[in-house]
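The values are calculated or read from the model by the stated rules, or taken from the named source; none is laboratory data. Since this is a predicted model, take the numbers as computed values, not measurements. Neighbour counts are summed over all protein chains in view; Cβ atoms, including those assigned to glycine, are modelled from backbone coordinates with ideal geometry.
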Amino acid sequence: MTALRDLAERRVSYALGPVTVELHTDQAEVTDYLDDFYQSTEAASGPAWVVDARVGAAPGMSRNRYGVAYAADPAVREVVVRAPDPLNLAMTTRKAIREALVEFCERRRYTMLHASAVADTRRVLVVVGDKGSGKTTLALRGALVHGLRYVSNDHLIIYPDAAAGPGASQVADRLVLTSLPTPIPVKVGTYLDLEHLLPAPWDTEDVDLAAYRRMPRSERYRHDVRVLYTYRRLAQPNPVEVPLRGQAGGPRVTVVLARYRGGGEPAGAPVPAADPVAALMEHVRLDWMFDPVLNQRHLPRRERDLSGYTADARRLVAALADRSDVFTWAHDGDPAPLLDLMRESA
């Protein structure tokens, strides 16, 4: 039965916010794997790309160190992926599908922040910070405890609507937020704090969770180990688009430059950022754009150089700051005080 199932042709369309990708494969394991990342949809009449993914030989195609080969033909918008086993095939196919969204955003000259984001119809909370600043913890609590939609974990994409003009005032009325669909790493301390609210992890990465349960709670946070979730595992559709529109008609947007409150430091209210644009520019993700290990470019596209990307990032960050209340905040891992402030000032 398994062999017959694997040999059956499968055609699935996946929705990635503003784009749709059609997958052709003969491997059930590939579609099972992708179902944890992408939401299937009705077959699109004009998908952004078609991905043909199969286990087998790849005549005339060079392979990477994992034995996976891929070749893209931009003329017909098709990418072929071949791998020696279903798991490597599934992993590469996930990234190739994801790049259809990256290509769409690159045509709109996007930028990306180290930021999580949660939202509902009235509010958007963006949490910006370095590694260990609490972005995932605040976003998880925002979704699991406060009922907001989980938009981004650490790859917040900002792009202007296609109709936006070059001026910052125009762009601020037409910003769109979305996210790169990637696994969500949850540090073991946060995971054990929220375990009663969480489903089983997508991947435990062989972490001995029982050993960490036996540790004092304060000790867990010193260990940089994590388990992995996907948005779908958290019952959160992703990627989704959040159009901000103008101040009058769109949701209230609060951006917080976050860090954990230090020991003995008194709790404090969020403080307006002195120079929001400069502060946010420090968290623009250059690594994703220019690190070939992260940005593997499975699909061909024209990309900006560092100067062009930085100029566009400053324009979009300025538009976001103009559209938002921007604070610095030393927090305790719960977004409730900030959400209350947003509710009171609405």
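A few comments on the model shown:
- Selection within the range 271-297: residues that are in contact with a strand residue (DSSP E or B) (Cβ under 7 Å, 6 or more places away or on another chain) and part of a loop (DSSP other than H, G, I, E, B). The member of this set that is farthest from H114 (Cα to Cα) is A273.
- Given (1) more than 15 Å from N295 (Cα to Cα); (2) crowded, with 22+ Cβ neighbours inside 10 Å, number of the condition I97 does not satisfy: (1)
- Of the residues Y70, Y110, the single one that is among the aromatic types (F, W, Y), buried (at least 20 other Cβ atoms within 10 Å of the Cβ) and under 25 Å from Y159 (Cβ atoms) is Y110.
- Scan of the range 83-94 for residues that are free of Cβ contacts under 8 Å to residues at least 40 places away in the same chain and buried (at least 22 other Cβ atoms within 10 Å of the Cβ), ordered by number: A83
- Checked against (1) over 24 Å from the mean Cα position of the chain (by Cα); (2) closer than 25 Å to T328 by Cβ; (3) modelled with pLDDT of 95 or more, Y212 passes all but a single condition, namely (2).
- Matching residues, the range 48-67, being out of contact with any helix residue (DSSP H, G or I) (no Cβ under 9 Å at 6 or more places or on another chain) and exposed (fewer than 13 other Cβ atoms within 10 Å of the Cβ): G56, A57, P59, G60, S62, R65
- Selection within the range 33-65 - without any contact (Cβ under 8 Å) to a residue 24 or more places away in the chain and not small (G, A, S): P59, M61, R63, N64, R65
- Residue in the range 249-257 that is of a type outside the set (V, I, T) and touching a Phe, Trp or Tyr at 6+ places or on another chain (Cβ under 8 Å) present: yes
- The set of residues in the range 298-333 being within 30 Å of W49 (Cβ to Cβ) and part of a loop (DSSP other than H, G, I, E, B) consists of H298, L299, P300, R301, R302, E303, R304, D305.
- Restricting the range 289-310 to residues that are crowded, with 17+ Cβ neighbours inside 10 Å and of a type in the set (A, V, I, L, M, F, W, C), the residue that is modelled with the highest pLDDT: M289
- Strands (runs of 3 or more DSSP E) enclosed by the range 172-231 - at least 2 residues per element that are exposed (fewer than 15 other Cβ atoms within 10 Å of the Cβ) and in contact with a His (Cβ under 8 Å, 6 or more places away or on another chain): none
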